[in-house]
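The numbers here are math on the coordinates, done by the rules we state, and not lab data. Fair warning: this is a prediction, and the values are worked out from it, not measured in the lab. Here the Cβ is made from the backbone with ideal geometry for all residues, glycine too, and neighbour counts use every protein chain on show.
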């Protein structure tokens, strides 16, 4: 019989399930008050007002993608007599990463990403399987890909944060990510 309350049990399960994917001290692997602060940043970035501002960025990202990606070579040639083909799921995943990084994470993050990052996200997603809930560290190929993707993405974001800390611009990075930071959170981040 479990000695934890139902809410404590759910939290333990969420930590066990998500930590191999997101890493330590992120999302569910933090105290609830820290998790609630993290959610506030996301909430600001996903507001209706911000989405209205994102529309032109979505359009530009999709247009840039279609003008440069080989999947759209027929469209790029403006050949009205030929039909092109592409893997819709793969292309939409790539475009989603590019638009989300630009709108929610800022210019600096988007500037360092390319469509290959969608594969890293896909590999992370492969870590969310029912077997992961019971056995998060089995020697499975999907776990190896998950762990490698986590490592690469962590290095990418950690490098950006390190550079911003060194230059004293960590708060501006966060402002880029969500559009605005409440004064209290801004003060806390600038003192850490």
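The table below gives the values:
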| quantity | calculated |
| --- | --- |
| Stretch gain in nm, segment residue 24-residue 167, where the contour uses 0.36 nm per residue and the Cα spacing is subtracted | 48.9 nm |
| Footprinting exposure proxy for 153, 77, 57 (fewest neighbouring C-beta atoms within 10 Å first) | 77, 57, 153 |
| Calculated FRET efficiency for the pair residue 53/residue 133, C-beta based, R₀ 25 Å, to 0.05 | 0.10 |
